1. Please get the size of the charge dipole for segment 54-142, origin at its Cα centre, with Cβ charges of +1 on Lys and Arg and -1 on Asp and Glu, quoted in debye to the nearest 20.
2. Is the shape of segment 38-141 rounded, prolate or oblate, going by the alpha carbon gyration tensor and its root eigenvalues a ≥ b ≥ c, with a/c under 1.5 for rounded and a/b larger than b/c for prolate?
3. For a quick check: with amide H placed at 1.01 Å from N, whose amide H comes under 5 Å from Val108's, ignoring anything fewer than 5 positions away on the same chain?
4. Within 13 Å, Cβ to Cβ, of Asp97, how many net charges do the neighbouring residues add up to if Lys/Arg are +1 and Asp/Glu are -1?
Amino acid sequence: MKPVYVLGIAGLTGAALFAWIGLGSHPDVQDVSVGDATAAPTEMVQVTLPEIGNDLAIGARAFTAKCAACHGPSAGGLEGSGPPLIHKIYEPSHHGDNAFFRAAELGVRAHHWPFGDMPPVDGITRAEIAEIVKYLRVVQRANGIL
């Protein structure tokens with residue numbers, strides 16, 4: 001067999017294996033596609049999302065990318081995964097902005113909720129955390145948390 005064919009077969013085999021592994025289930029991802037491919041997970045707290053302007057778009061996108069898998073798409077918490085951040089426990093007078101920075105950067109030991117410890121958020125930057133906190137504070141205010 002010529003080397004070019006061997007490389008081509010090896011490449012196709014590798015691509016097929018990569019696709020097969022990628023299609024498998026991931027233990028950290030909740031499957032919400034049963035019955036309705038667009039169904040969102042049910043959050044613990046009903047959250048009213050305010051109009052998101054350009055000033056909050058970065059924080060909203062960063063929240064979705066880094067936090068929503070555990071805390072829910074609207075920060076309303078996911079049972080068995082992560083607590084609602086739109087909750088009076090996380091109002092600024094109880095958990096100031098620095099608490100969010102510490103939790104994201106260092107992780108946090110479970111103390112208010114029975115979800116277990118929160119690990120540090122992989123690959124998050126301080127700039128992303130700042131935008132996420134800005135976004136969360138606006139969503140909290142829209143839901144009566146001041």
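Each reported figure results from applying straightforward, stated rules to the coordinates on display, with no laboratory input. Remember, predicted model here, so these are calculated numbers, not experimental data. Backbone-built Cβ (ideal geometry, glycine too); neighbour counts: all protein chains shown.
1. Working: 9 positive and 9 negative charges, 31 e Å.
Its charge dipole is roughly 160 debye.
2. On the way: a/c = 1.31, a/b = 1.08, b/c = 1.22.
Rounded, since a/c falls under 1.5.
3. Met118
4. Numbers: positive: Arg102, Arg126, Lys134, Arg137; negative: Glu91, Glu105, Glu131.
Cβ neighbours under 13 Å give a net charge of +1.
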